[in-house]
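Down below is the structure, laid out as structure tokens.
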Amino acid sequence: MCQYFSRTTGLVCYQLPVLPLDRPVPKHVLSRRGAISFSSSSSLFGAPDPRQLSQRRGAISYDSSDQTALYIRMLGACVIFKQLFPRDVRVRSQVGFEPEGRGSYPYLCIDFRTLHSCSESTSASSLIPGPGFISAGPVSGRRLRRLLSFQRYLHSSRLLWGTTHLNPLHILDEDYIGQAKCMLERVGSWNFDIFLFDRLTNGNSLVTMTFHLLNQYGLLELFQLDMVKLWRFLVMVQEDYHSLNPYHNAVHAADVTQAMYCYLREPKLAKSLTSCDILLGLLAAATHDLDHPGVNQPFLIKTNHYLAKLYRNSSVLENHHWRSAVGLLRETGLFSHLPAEEGLKMERQLGSLILATDISRQNEYLGKFRTHLNQDDLCLSNASHRHFILQMALKCADICNPCRPWELSKQWSEKVTQEFFHQGDIEKKHKLEVSPLCDSQRNSMGNIQIGFMTYVVEPLFAEWGRFSDTRLSQTMLGHLGLNKASWGGLVQQERPSSPDELEPSSPASVTMPTPAITESEPESASAVEPTATATGATNSKEIPQGRKES
């Protein structure tokens, strides 16, 4: 273990490898071993060859008698971190940080004797709940979080490339990485359990999934993407999703990315889409809800949020997701090696895909799709037609939860309803008008889901089934029918507490009217060149499972 002497305090401080301490220890890990352990075979401990050392010199153990403490023992140095779950683990102000670049694999320098004296400040300046953290000295909290997370995610590179590195970071036991790799072999299955995959990847499902798919298509070599830049971009994307959001978080983005991959493999698309189409489709899926604050567009408008003013109350969330994605692309320089005009074109097309997920424009896109199918004039050799189909595929992937098997669909329904009701509670607390579907006393999960399926999901997937009449399309429609019947059965068992619960949510309460001011598509108006923004915003959707706010 490395150590250094602090001239200012005269204390010996240790440099610890960054461990995934910002989430509770998974129950499936505790039940199997009672601990998460790492070996000393990493080069961090000076081992010449991982196979030469089998002794485990470090561990994170979980004491059942103290549910808020982690005991970390490394080479005889024992540190007790109290009250770490789940928010308090944010790095405190007294934790030192070496001023290195984001890609230089930083380490925490912890003064054990002053760790507990650190105080945590809170901010209540906004109505919107955010993750909130304390910055470390002159380094901003967001930058520090990204730097630490970049180190934390390095250990899974073997899984992504399918190769064995000489000096890996053994943060999780090998069998978990192996199980995640086995799941990736079935990534094209519609029954793919993204919740299990997220646990097996230690909460890194979005990074792992997206990198794997891009690599599987050979896009890194084809577009000469720098692997380090791509990795940094994906880590930053995952970190910019709010983990405290029950629904609009990185797991949802990973689920949408997996669904998008399933659609890209459909025969009509597989034989027509270009490599550029596939790259944009996967990146749009991964970033379509970037920096979502967990509340919808009407909330931003009625609270006078600056994003609502910036985007003139039109596709507020989607515009923010797009601009945030472009900001990360430029910050990491992922497309910097491409000609300037080519890079701008890809940014505009990425924006066009993300803006299509605005649920308030559902009827506009659905009507156009239905017209093309009725006239049978879709020609996928035409670039604009291919782009339109990508938009429809992303829309389907974004609200496909009701078309998943019941065990998965129900979990998503619970999460989106929880997020909906949480917004309603905030509105009640601040004496604001409660948004439709956000009042837990007037709406039930079953009725919200039935309304969403009836008025939003069924019309969209019926037309998608006309376009792509495959086994997958029939499977999705089959699950949709079964899930709707299941919710209907649950509603029948419930005793309605008010007349409002007697009928499912109507179309008026599910879809939001199209704003009077509509921003032109980035592709069609050489749209205002996106500016990099790094703030939190919300989605402009009001749909439950579809809370689909993105």
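The values are calculated or read from the model by the stated rules, or taken from the named source; none is laboratory data. Remember, predicted model here, so these are calculated numbers, not experimental data. Virtual Cβ from ideal backbone geometry, glycine too; neighbours counted across all protein chains shown. The area values use the complete protein model at the heavy-atom level, side chains included, leaving out ligands, DNA and RNA. Shrake-Rupley method; radii C 1.70, N 1.55, O 1.52, S 1.80 Å.
Solvent-accessible surface of the range 191-283, taken per residue with a 1.4 Å probe and all protein chains present: 29 Å². Think of each Lys and Arg Cβ as +1 and each Asp and Glu Cβ as -1; about the Cα centre, that makes the dipole of the range 268-393 roughly 240 debye.
Accessible surface for the range 429-495, divided over its residues, is 50 Å² per residue with a 1.4 Å probe. When Rg and the Kirkwood Rh are both derived from Cα coordinates, the Rg/Rh ratio for the range 365-471 amounts to 1.10. Over all pairs of different C-alpha atoms, the range 221-319 has a mean inverse distance whose reciprocal, the Kirkwood radius, equals 15.3 Å. Ordering of 390-396, 467-473 by packing is 390-396, 467-473, highest average first (other Cβ atoms within 10 Å, averaged per residue).
Ranked by the mean number of other Cβ atoms within 10 Å of their residues, highest first, the peptides 363-372, 224-233 come out as 224-233, 363-372.
How high is the FRET efficiency from Asn363 to Leu310, r the C-beta distance, R0 30 Å, rounded to 0.05?
The value I calculate is 0.70.
Close amide-amide hydrogen proximity is noted between Asp291 and Tyr241, His242, each under 5 Å apart and 5 or more residues distant or on a separate chain (H modeled in the peptide plane; Pro and chain starts excluded).
Checking the Cα-Cα distances for Lys302/Lys345; Lys229/Lys345; Lys395/Lys415; Lys271/Lys395 against a 26 Å cut-off, the pairs over it are Lys302/Lys345.
For Asn296, no residue whose modelled amide H falls within less than 5 Å of its own remains once neighbours fewer than 5 places apart on the same chain are excluded. Return the whole-Å distance between the Cα centroid of the range 202-232 and the Cα centroid of the range 411-456. After rounding, the separation between the Cα centres reads 35 Å. Here's the picture: charge each Lys and Arg Cβ at +1 and each Asp and Glu Cβ at -1 in the range 284-363, and of Leu344, Thr332, Gln297 the one pushed furthest to the positive end of that dipole is Gln297.
Computed over the range 449-491, the Cα gyration tensor eigenvalues convert (square root of 5λ each) into semi-axes of 21, 12, 4 Å, ordered from largest to smallest.
Taking the accessible area of the range 359-506, probe 1.4 Å, and keeping the other protein chains in place, the carbon and sulfur fraction comes to 49%. With 5 Å bins beginning at zero, the pair-distance distribution over Cα atoms of the range 283-406 amounts to 2, 10, 17, 19, 18, 16, 10, 6, 1, 0 %. Among 281-292, 188-199, 401-412, 321-332, the peptide with the highest mean count of other Cβ atoms within 10 Å heads the list, and the full ranking is 281-292, 321-332, 401-412, 188-199.
Accessible surface for the range 360-423, divided over its residues, is 37 Å² per residue with a 1.4 Å probe. Ignoring ligands, DNA and RNA, what percent of the 1.4 Å accessible area of the range 301-343 is carbon and sulfur? C and S fraction of accessible area: 54 percent.
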